[in-house]
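A.B. asks: Mind having a look at this structure? Questions to follow.
The values are calculated or read from the model by the stated rules, or taken from the named source; none is laboratory data. Please read these numbers as outputs of a predicted model, since none were measured by experiment. Neighbour counts are summed over all protein chains in view; Cβ atoms, including those assigned to glycine, are modelled from backbone coordinates with ideal geometry. Only protein heavy atoms, including side chains, enter the accessible area calculation; ligands, DNA and RNA are left aside. Shrake-Rupley method; radii C 1.70, N 1.55, O 1.52, S 1.80 Å.
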Amino acid sequence: MNRSIFTNPYVLIAPAFLLAAFIILWPLFQIGEISLSNVNRFGQLKGFAGLENFAAVVSDPQFLAAGWRTVIWTVGIVAGTILVSIPVALILNEDFYGRGLARIIVMLPWAVSLTMTAIVWRWALSGESGMLNSALKGLGLIDQNIQWLAQAATAFPVQITIGILVSIPFTTTIFLGGLSSIPDDLYEAAKLEGASGWQIFFSITLPLLRPFINIAVVMNTISVFNSFPIIWATTQGGPANSTDILVTYLYKLGFSFGKLGEASALSLMMFALLLVFTIIYVRLAMRGERA
Amino acid sequence: MSLHWLKVAAAGSVAAIALASAAYAQTVRVTVAEYSSKTGAYFEKAAAEFEAANPGTDIQIEVVPWDVLQQKLTTDISGGANADLAIIGTRWLIDYVSQGIAAPLDGYITDEFKGRFIDTFLSPSVMDGKTYGLPIAASARAMYYNKDLFEKAGVGAPPANWDELKAAAEKIKALGGDVYGYGLQGKEIETDVYFYYAFWSQGGNLIDADGTSGLDSEAAYKAAEIYKDLIDSGLTEPGVTSLNREDVQNLFKQGRVGMMITAPFLSNQIKEEAPDLKYGVAAIPAGANGDRGTYGVTDSIIMFENSQNKDTAWKFLDFIFTTDKRAEFDANEGFLPVNAEEAKMPMFADNADLKEFAALLPDARFAPVIAGWEEIAAVTSNALQKIYLGEGEIKATLDAAAAEIDGIIAANK
Amino acid sequence: MKISRKLKRSILSWVVLSPLIVAVLFPFAVMFITAIKPATEVLKPTWWPSTPQWQNFITMWNATNFGAALWNSVYVAVLSTLISVFVSIPAAYALSRFRFAGKGFVQQFLLVSQMLSPIVLVIGLFRLLVALKLLDNLNAVVFVYATFNIAFSVWMLQSYFSTIPKDLEEAAWMEGATPWQALRKVFLPLALPAMTVTAIFSFINAWNEFVIALTMLRNQASYTLPIQVFSLVAGRYTVEWHHVMAAAFVATIPVAVIFAWLQRYLVRGLALGAVK
């Protein structure tokens, strides 16, 4: 083999690795420094604080409530997204009239920035002048306006639904990719043996789709856990903090209340939480794949 | 890699930027809050006029949406990259003063300059005898009422107290259709303020004489009862906790709300968006003892202590606080005049709506000057939302909020 | 007979998909209808304006300085995409072709680096840019987007590259080609679909990104589309909703067109890419 920079992996990796490390590690280092310091509301450090900031976050009842809600939020959206995306991908993988159009429509939410989608939904969900109520009324489904965002009991499920809608494009795309990699002869063989549609799905499609489901779970969990715009634009975590998740709580701590030390501590804890989840999930998923 | 080395490098480069720009021209960066689509254009024009009159100066206007102003200022200051001048909510000023971010302006203020202002609006920016900001925007609150709805419902005059308000709301509700008596804000910024109108009318004080929260008082319980009663009797719009100030104003513009309390800029919006709406402006209802309070609020423009071009920055401030520039700004945005000469101009002095607001000024109360006010306001809003939703009993909820607020006050001491 | 079966399948498919399609199109319908309403009707929740105001799009274009923001968005998205793909290809190539000490660490680091949301990092990032003297500069945003996308791009490209047989390059070496020639003539053409797909992901991320642009861009002349549209809504005492919706609607069109054009590619590229 010729000696060349094109065969030296370290040279090839260096630019990407250094840039990625730089953009992550420098800010992370700064956050670590702030989280261990007394810090004023403008981010200026005023001496070492030990773990005070971490203690303050953990002892805030809002933290536990928001943490628990974050679990519901993440699990709800990721599970909902996967459950919807599998059948959608199965359909979009079949040959039918207008498939190209259907694929574009399903991917459309991806074409709008999440902030904008959230703002449009807030506008549509308004109780008295929102178009969702007027549409449902027009269809005769309801006869009185529903105040969607007035209480968590309706607001939070609506927010999770929006979260699912905007996560479907990415997930469906991943699954479509997975489906198209399953060789057709496997299906034909199964049909020859007289397997039913369900049997084929559970014995061939689902197992072969599994690595893709794992990818979708990990990537979606990471992005949903950190997702800010939907909740912020519709309720800002209200009424009375009843729709706060960790990210919105973090934003309030840091930027509304000026507690940058606590906000930094919280963001490190969130990072650790996500890391632990991913490690556990990847371990379990890998064990499952081997079995 | 040592921390110290990084800091030195960072500080050095910031200084280098500052030096480079200082050598180039007298550059003054101004962070401006965006009040309406006219704000940016107004300041750009003012900057151009100022530059023309003062060769060698360069005024850079940075327009920031209100919702993210705090975040942006925090990040800017934290990175040492803040502007020379910035608009801030006056209720935030204490933090800027106590951390040495805002520069005192007394060295620049002459008697003539000071004489331009109406004292009510300048005084909130004065702390420990020093002036740290100039009131760039001022407003107070009064009650708007829909004359057509009042006439149809047979309500003669705008209500003078809360009992009359309830009676008027009942009559308006009896009209049927999707109109509501009293527009009640229950979401986002100033949810707490909407409650203070009732609270102050009962003789309440946000911070008691002993420096603790006034939410655990009879006045607060009574005020919350008044609002809760209106909600439960169906006299407000439904789902109050999902409507912020703009949402309630929109209902008012559509003629679907009989009464609401808000700021003078609603008049400007009605003129442009609902010119056919017949409305009046009246005083905020009083309590049994005749107590009454309106919310006075100003935004201040401050100079940063680390500004490299304070003299030029001051000259620009001097320029935008001349009577004509102020009049132009306030007419655009629908704010109250802060300048005494300006207030005498016909467009303000002969404006019937503004007269009502001006009449309320003696009752105006400003947000208390204590650190952590934003957090206290959030605690108050949360408690109110619980009460409005029926998730918490009035006394218990307000007492708990008061205890939490006392904790915040103590922590910030 | 065969055609009628396909027809039946088509009808069934569309029927099953219809709830999702309605839900997906609903916000777009809201945007579009609000965009063509006259200013006085915007607040009324009717589903059709009394007279469609097509000129709203033109007044919006001028009122919101849409052209400049559109250009900024295109500039940022294209340039950051090019940089991140360009830097990621060699790294992904190395990860898929060579065994070396620290490989596992690099791969794990890349996944972990995806776990920090920009909101969490924003203060640190801002200080970084101040230190680099890159503030208020579209190129700073390009730099941040590009580096943020590197982790994902390398990850995608690497798993795809692993599916391209190594024999082809080795055969080229046998014939006396230098590693560079083998790369250019044999490997890169095969890797083109994966590069396209990765580029689309990067492009969409950059096109829609909000928090970083909001923090780093100071004056309106450098605003990208999401910020420009947001500044029409956030905290103004009155919101011109018909303009906001018109702007949001127009901003989605370029990306929708890209989807329409590349949707097959997207699926095929990913298909091969995700299998390790």
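A.B. asks: Which residues of region C:44-74 show a drop of at least 50 Å² in accessible area when all protein chains are present, compared with their chain alone (probe radius 1.4 Å, heavy atoms only, ligands and nucleic acids excluded)?
C.D. replies: Listed in order, they are C:45, C:47.
A.B. asks: Given contacts defined as C-alpha pairs under 8 Å and at least six residues apart, what's the relative contact order of chain C, whole-number percent?
C.D. replies: Working: 273 pairs, mean separation 89.5, N = 276.
For chain C, the relative contact order is 32 percent.
A.B. asks: Compare A:218, A:158, A:112 in a GNM of chain A, Cα atoms joined below 10 Å, and give the one with the largest fluctuation.
C.D. replies: Of the options given, A:112 has the highest mean-square fluctuation.
A.B. asks: Shifting gears a bit: Based on Cβ point charges of +1 for Lys and Arg and -1 for Asp and Glu, what charge dipole magnitude is obtained for the protein assembly as shown about its Cα centre, in debye rounded to the nearest 20?
C.D. replies: On the way: 69 positive and 81 negative charges, 823 e Å.
Roughly 3960 debye for the protein assembly as shown.
A.B. asks: For region C:1-152, what % of the accessible area comes from carbon and sulfur atoms, probe 1.4 Å?
C.D. replies: Details: 4810 of 6750 Å².
Carbon-and-sulfur percentage of accessible area, whole number: 71.
A.B. asks: Buried accessible area between B and C (1.4 Å probe, both chains summed, ligands and nucleic acids excluded), in Å² to the nearest 100?
C.D. replies: Chains B and C together bury approximately 2700 Å².
A.B. asks: With the cut-off at 1.5 for a/c, could you classify chain C from its C-alpha gyration tensor as rounded, prolate or oblate?
C.D. replies: The shape class here is oblate.
A.B. asks: If you average the sequence gap of Cα pairs under 8 Å that are 6 or more apart and divide by the length of chain A, what percent do you get for the contact order? Mind showing how you got there, number by number?
C.D. replies: Values: 283 pairs, mean separation 83.6, N = 291.
Once normalised by length, the contact order is 29 percent.
A.B. asks: Only four residue types carry charge here, +1 at the Cβ of Lys and Arg and -1 at the Cβ of Asp and Glu. Report the dipole size of region A:61-258 about the Cα centre in Debye, rounded to the nearest 20. List each step's numbers first, then the result.
C.D. replies: Details: 8 positive and 9 negative charges, 112 e Å.
Once rounded to the nearest 20, the dipole reads 540 debye.
A.B. asks: How would you classify the protein assembly as shown from its alpha-carbon gyration tensor, with a ≥ b ≥ c the square roots of the eigenvalues: rounded for a/c under 1.5, else prolate if a/b is greater than b/c, otherwise oblate?
C.D. replies: Judged from the Cα gyration tensor, the protein assembly as shown comes out prolate (a/c at least 1.5, a/b above b/c).
A.B. asks: Counting protein heavy atoms only and a 1.4 angstrom probe, how many square angstrom of accessible surface do chains B and A bury in total, to the nearest 100?
C.D. replies: Values: alone 17970 and 17600 Å², together 32870 Å².
The buried area between B and A, both sides summed, comes to about 2700 Å².
A.B. asks: What part of the accessible area of region C:182-245, given as a whole %, is carbon or sulfur when the probe is 1.4 angstrom? Please list the in-between numbers first.
C.D. replies: Details: 1100 of 1650 Å².
Carbon and sulfur: 67 percent of the exposed surface of region C:182-245.
A.B. asks: Compute the signed sum of charges (Lys and Arg +1, Asp and Glu -1) over the other residues within less than 15 Å, Cβ to Cβ, of residue B:390. Walk me through the numbers on the way to the answer.
C.D. replies: On the way: positive: B:228, B:386, B:395; negative: B:225, B:229, B:232, B:391, B:393.
That works out to -2.
A.B. asks: Choose one of A:117, A:169, A:212: the residue whose Cα lies farthest towards the positive end of the charge dipole of region A:61-258 (beta-carbon charges +1 Lys, Arg; -1 Asp, Glu; about the Cα centre).
C.D. replies: A:117
A.B. asks: Another question, then. Considering only protein heavy atoms and a 1.4 Å probe, what is the carbon-and-sulfur percentage of the accessible area of chain A? The partial results should precede the final answer.
C.D. replies: Numbers: 8130 of 11980 Å².
Ligands and nucleic acids excluded, carbon and sulfur reach 68 percent.
A.B. asks: Could I ask something else about it? Quick one: grab the alpha carbon gyration tensor of region C:1-49, order the square roots of its eigenvalues as a ≥ b ≥ c, and give me rounded if a/c is under 1.5, else prolate or oblate depending on whether a/b is larger than b/c.
C.D. replies: Numbers: a/c = 5.31, a/b = 3.68, b/c = 1.44.
Cα axes put region C:1-49 in the prolate bin.
A.B. asks: Over the protein assembly as shown, give the accessible area per residue in Å² for a 1.4 Å probe, as an integer.
C.D. replies: Numbers: 38640 Å² over 980 residues.
Here the per-residue accessible area is 39 Å².
A.B. asks: What number, rounded to the nearest 500 deg cm²/dmol, is the helix-based mean residue ellipticity at 222 nm of chain B, given -39500 (n - 2.57) per DSSP H run of at least four residues and division by all its residues? Mind dumping the intermediate values first?
C.D. replies: Details: 19 runs with 201 residues, N = 413.
That comes out to -14500 deg cm²/dmol.
A.B. asks: For chain C, set up a Gaussian network in which alpha carbons nearer than 10 Å are linked by springs, and say which option among C:100, C:152, C:201 fluctuates the most.
C.D. replies: C:100
A.B. asks: Farthest toward the dipole's positive end in the protein assembly as shown, which of A:198, B:248, C:19, given Cβ charges of +1 (Lys, Arg) and -1 (Asp, Glu) about the Cα centre?
C.D. replies: Going by the charge dipole, the pick is A:198.
A.B. asks: How big a patch of accessible area, both sides summed and in Å² to the nearest 100, lies buried between C and A at a 1.4 Å probe? Present the calculation step by step, with values, prior to reporting the outcome.
C.D. replies: Working: alone 16790 and 17600 Å², together 25940 Å².
Accessible area lost upon association: around 8500 Å².
A.B. asks: Leaving ligands, DNA and RNA out of it, rank A:103, C:5 by accessible area with a 1.4 Å probe, largest first. Don't skip to the end; give the middle numbers.
C.D. replies: On the way: A:103 20, C:5 160 Å².
Order by accessible area, largest first: C:5, A:103.
A.B. asks: Would you mind counting up the charge near residue B:54? Only other residues with Cβ under 14 Å from its Cβ, with Lys and Arg at +1 and Asp and Glu at -1. The partial results should precede the final answer.
C.D. replies: Numbers: positive: B:315; negative: B:49, B:51, B:58, B:311, B:318.
Around residue B:54, the charge tally is -4.
A.B. asks: Could you give me the ³J(HN,Hα) list for region B:162-167, computed from phi with Karplus coefficients 6.51, -1.76, 1.60 and θ = phi - 60°, whole Hz, x at Gly and Pro?
C.D. replies: Computed from phi, the couplings for region B:162-167 are 6, 5, 5, 4, 5, 4 Hz.
A.B. asks: Could you please report the charge total around residue B:293, scoring K, R as +1 and D, E as -1 over all other residues with beta-carbon less than 9 angstrom from its beta-carbon? Before the final figure, lay out the partial values.
C.D. replies: On the way: positive: B:292, B:365; negative: B:291, B:363.
It works out to a net charge of 0.
A.B. asks: Among the listed pairs B:45/B:253; A:137/C:37; B:147/B:386; B:152/C:44, which have their C-alpha atoms separated by more than 26 angstrom in this model? All intermediate terms of the calculation are to be shown ahead of the outcome.
C.D. replies: Details: B:45/B:253 31 Å; A:137/C:37 20 Å; B:147/B:386 33 Å; B:152/C:44 22 Å.
In this structure, B:45/B:253; B:147/B:386 exceed 26 Å between Cα atoms.
A.B. asks: Have a look at C:129, C:70, C:157 and tell me which one the Gaussian network model of chain C (Cα, springs below 10 Å) gives the largest fluctuation.
C.D. replies: C:129
A.B. asks: Hey, what angle do you get for helix B:323-333 against the long axis of chain B, alpha-carbon based, 0 to 90 degrees rounded to 10?
C.D. replies: Between helix and principal axis, roughly 50 degrees.
A.B. asks: Checking buried surface per residue: for region A:253-274, which residues lose a minimum of 10 Å² accessible area in the protein assembly relative to the chain alone (1.4 Å probe)?
C.D. replies: By number: A:255, A:256, A:257, A:259, A:260, A:267, A:271, A:274.
A.B. asks: Expressed as an acute angle from 0 to 90° and rounded to the nearest 10, what is the orientation of the C-alpha long axis of helix B:39-53 relative to the principal long axis of chain B?
C.D. replies: 30 degrees
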